[in-house]
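J.: Just dropping this structure here.
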Amino acid sequence: MTATSAEQNHLASPSHPQRWLILGVICLAQLTVLLDNTVLNVAIPSLTRELDASTADVQWMINAYSLVQSGLLLTAGSSADRYGRKKMLIAGLALFGIGSLVAGLAQTSVQLIAARAGMGIGGALLMTTTLAVVMQIFDETERVKAIGIWSTVSSLGFAVGPLIGGVMLDHFWWGAIFLINIPVAAVALVAVARLVPESKNPSGDRPDLLGALLSTIGMAAVVYAIISGPEHGWTSGRVLLTAFTGVAVLTGFALWELHIPYPMLDMHFFRNQRFIGAVAGAILVAFGMGGSLFLLTQELQFVLGYGPLEAGLRTAPLALSVVALNLTGLGARLVPRLGTPVTIASGMGLLAAGLAVIALAGGGGYGGTLCGLLVMGVGIALAMPAMANAIMSAIPPEKAGVGAGINGTLAECGNGLGVAVLGAVLNSRFAALVPSAVGAASLPAALAAADGAGERRAITDAFSSGLETSMLVGAVAVLAGGLLAAVLLRRAERGESSQADPAAAAA
């Protein structure tokens with residue numbers, strides 16, 4: 001198969017002599033950012049007590065970070081391409097470190113919310129520039145393995161955030177979960193300044209200020225609608241208005257980008273079947289992983305009876321299997337042998353199979369859950385690096401920051417959709433089986449209000465049934481996404497081969 005022009009540009013870039021050390025530095029910085037997506041969840045009781053925070057305050061403490069980060073990913077990537085990826089990486093580390101200091105020393109809910117928003121800005125700059133730098137310092141022979149390690153950090157950060165938060169809160173006050181970021185950010189700042197080479201778009205496109213504004217508002221509105229849907233109801237005026245605003249603004253963004261000479265996001269990327277296939281797969285891998293971990297945490301605590309820290313420990317095999325397989329370079333070795341389409345289809349098929357195993361065998365004890373987690377880990381280790389590489393390979397190297405922004409945006413939206421959709425399936429099934437429990441704030445509340453042991457048993461069984469249905473819905477969605485991604489990527493490869501060899505195409 002002959003590479004596309006974008007891939008040929010990538011292949012031309014030589015490897016940096018200190019590339020593996022640089023990769024370690026940027027992965028450390030990224031891990032800190034990803035941990036802060038989930039680490040705050042375990043501190044909710046402490047925050048409620050010590051800052052006298054209301055439920056709404058706590059929600060904004062958690063959501064301010066993800067909303068700002070997801071809204072700014074495309075803009076951050078475009079800025080890195082234009083002004084320099086090293087500069088934006090340093091700026092992101094500085095903002096993240098300052099935001100962590102303010103958060104750790106916050107005395108009021110408002111101060112903590114503002115600090116989390118500032119950390120979100122730094123997180124957006126870090127998420128986009130780290131992957132863009134990986135694409136710049138590794139050549140094609142090592143790039144898939146490097147992206148595999150980068151993807152490992154993403155999986156690890158998402159999975160171990162609650163575990164690390166629980167350990168910290170057992171020994172320190174809640175502010176320590178933020179202050180621990182500061183030495184990491186300081187070390188990373190020095191290392192980035194000394195080691196990471198500068199790179200940016202040589203054409204020097206003019207800044208697309210209106211595009212940046214529209215993409216930020218549109219993405220933040222869509223993510224907010226996804227986050228708030230389960231709480232306020234998908235048909236509530238707040239959710240519908242926010243979702244409509246987000247879609248309308250993003251539509252305006254797309255139209256604007258199509259009609260200006262220097263677009264922040266070249267909409268013609270979406271005519272590339274390789275790009276579309278990788279995008280579809282990336283969304284649904286994040287959908288399956290985010291939604292399943294959300295449901296699995298509830299199953300471990302509410303069905304199998306584990307405490308929060310015990311539940312966190314029992315989800316660790318998923319992250320550990322991803323880490324072990326990516327560090328051994330399994331995906332990097334299989335992609336050249338099997339091809340990107342088959343690797344992605346195989347990985348997402350295994351991810352779907354793991355979800356199905358947990359759905360069908362997890363309720364009987366931890367053994368079935370463990371088996372499903374390990375199968376999911378193998379699938380994620382295969383699929384995620386191949387998809388990230390496919391997305392980045394479909395985009396010219398001078399737009400690597402925008403490509404990383406797209407990849408990060410897809411992960412944020414996929415995670416949010418996974419939690420929202422699979423959570424809605426769970427609630428719907430639960431309400432259908434136990435109408436008397438509808439209106440309870442949680443399963444423990446429903447159990448507390450139950451009249452007798454028989455009703456409590458019925459409520460628990462209904463919850464288990466809802467979890468099973470949700471996991472199976474997630475498995476079907478992931479499998480369908482894997483097949484769609486494989487078909488589109490295979491078709492793109494055939495088209496590229498036909499363009500490269502017209503005689504073969506005619507034959």
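The values are calculated or read from the model by the stated rules, or taken from the named source; none is laboratory data. Values in this document were obtained by computation on a predicted structure and should not be read as measured data. Virtual Cβ from ideal backbone geometry, glycine too; neighbours counted across all protein chains shown. In case anyone asks, the SASA skips ligands and DNA or RNA and just uses the protein heavy atoms, side chains included. Shrake-Rupley method; radii C 1.70, N 1.55, O 1.52, S 1.80 Å.
J.: Given Ala475, Val434, Leu300, which one lies farthest toward the positive end of the charge dipole of the chain, if we put +1 on the Cβ of every Lys and Arg and -1 on the Cβ of every Asp and Glu?
T.: Farthest towards the positive pole: Ala475.
J.: I've got another one for you. How large is the Rg to Rh ratio of region 34-122 when both quantities use alpha carbon positions and Rh follows Kirkwood?
T.: We get a ratio of 1.03 for region 34-122.
J.: Need one value: the accessible area of Tyr366 in square angstrom, 1.4 angstrom probe, rounded to the nearest 10.
T.: 50
J.: Suppose all protein chains stay in the model; what accessible area per residue would a 1.4 Å probe give for the chain, in Å²?
T.: On a per-residue basis, 40 Å².
J.: Report the charge-dipole magnitude of the chain in Debye, nearest 20, computed about the Cα centre from +1 at each Lys and Arg Cβ and -1 at each Asp and Glu Cβ.
T.: Here the size comes out at about 680 debye.
J.: Report, in deg cm²/dmol and to the nearest 500, the calculated mean residue ellipticity at 222 nm for the chain, where each DSSP H run with n ≥ 4 adds -39500 (n - 2.57) and the sum is divided by the residue count.
T.: -27500 deg cm²/dmol
J.: Something else: Between Asn427 and Asp139, what is 0.36 nm times their sequence separation minus the Cα-Cα distance? Round to one decimal in nm.
T.: That pair, Asn427 and Asp139, stretches by 98.9 nm at full extension.
J.: Using Cα positions and a limit of under 20 Å, work out the aspartates and glutamates in reach of Lys87, with same-chain residues fewer than 8 apart set aside.
T.: Cα-Cα hits under 20 Å: Glu198, Asp205, Asp208, Glu398.
J.: So, taking all protein chains as they sit and a 1.4 Å probe, how much accessible area belongs to Ser321, in Å² rounded to tens?
T.: It works out to around 20 Å².
J.: At 1.4 Å probe size, put Phe172, Phe178 in order of accessible surface, largest to smallest.
T.: Output order, biggest surface exposure first: Phe172, Phe178.
J.: Based on the Cα atoms of region 148-295, what semi-axes does the equivalent ellipsoid have, where each is the square root of 5 times one gyration tensor eigenvalue, given in whole Å with the largest first?
T.: Over the Cα atoms of region 148-295, the semi-axes work out to 32, 26, 17 Å.
J.: Less than 18 Å apart at the alpha-carbon level, and either on another chain or at least 8 residues along: which lysines does that give for Lys86?
T.: Those lysines meeting the cut-off are Lys200, Lys399.
J.: Put +1 on the Cβ of each Lys and Arg and -1 on the Cβ of each Asp and Glu in the chain; which of Ile182, Val402, Phe287 then has its Cα farthest toward the positive end of the dipole?
T.: Toward the positive end, the furthest listed residue is Val402.
J.: Find the Cα radius of gyration of region 76-122, compare it with 2.2 N^0.38 Å by division, and give the number to two decimals.
T.: The reported ratio for this selection is 1.30.
J.: Placing unit charges on C-beta atoms (Lys and Arg positive, Asp and Glu negative, everything else neutral), compute the dipole magnitude of region 60-173 about its Cα centre in debye, rounded to 20.
T.: 240
J.: Determine the order of Val133, Val357 by accessible area, beginning with the largest, at a probe radius of 1.4 Å.
T.: Val357, Val133
J.: Using Cα-only point scatterers and the Debye equation, what is log10 of I(q)/I(0) for the chain at each q in 0.08, 0.11, 0.13 Å⁻¹, rounded to two decimals?
T.: Values, matching the q order: -0.48, -0.93, -1.32.
J.: What's the extension gain from Thr108 to Ser54 if we count 0.36 nm per residue and subtract their Cα-Cα distance?
T.: Length difference between fully extended and current span is 18.3 nm.
J.: List the DSSP H helices in the chain whose Cα atoms stretch 30 Å or more along the helix axis and whose mean Kyte-Doolittle hydropathy is at least 0.0.
T.: Passing helices, by number: 55-83, 109-137, 143-171, 209-232, 237-258, 273-298, 340-361, 366-393, 400-433, 453-500.
J.: Taking 8 Å as the Cα distance limit and 6 or more residues as the minimum spacing, I'd like the relative contact order of the chain as a percentage.
T.: 23 percent.
J.: Choose one of Thr141, Ala254, Ala356: the residue whose Cα lies farthest towards the positive end of the charge dipole of the chain (beta-carbon charges +1 Lys, Arg; -1 Asp, Glu; about the Cα centre).
T.: So the residue furthest toward the plus end is Thr141.
J.: Say R0 is 41 Å: what FRET efficiency, to the nearest 0.05, do Asp170 and Ser236 get from their beta-carbon distance?
T.: It comes to 0.60.
J.: Something else now. Considering only protein heavy atoms and a 1.4 Å probe, what is the carbon-and-sulfur percentage of the accessible area of the chain?
T.: Roughly 67 percent of what the probe reaches on the chain is carbon or sulfur.
J.: Something else about it: Starting from a Cα-only point model with no solvent, please compute log10 I(q)/I(0) by Debye for region 315-420 at q = 0.20 1/Å.
T.: Rounded to two decimals, the profile gives -1.10.
J.: Could you list which residues have their amide H under 5 Å from that of Thr328, counting only those 5 or more apart in sequence or on another chain, with H placed in the peptide plane?
T.: Here nothing satisfies the definition.
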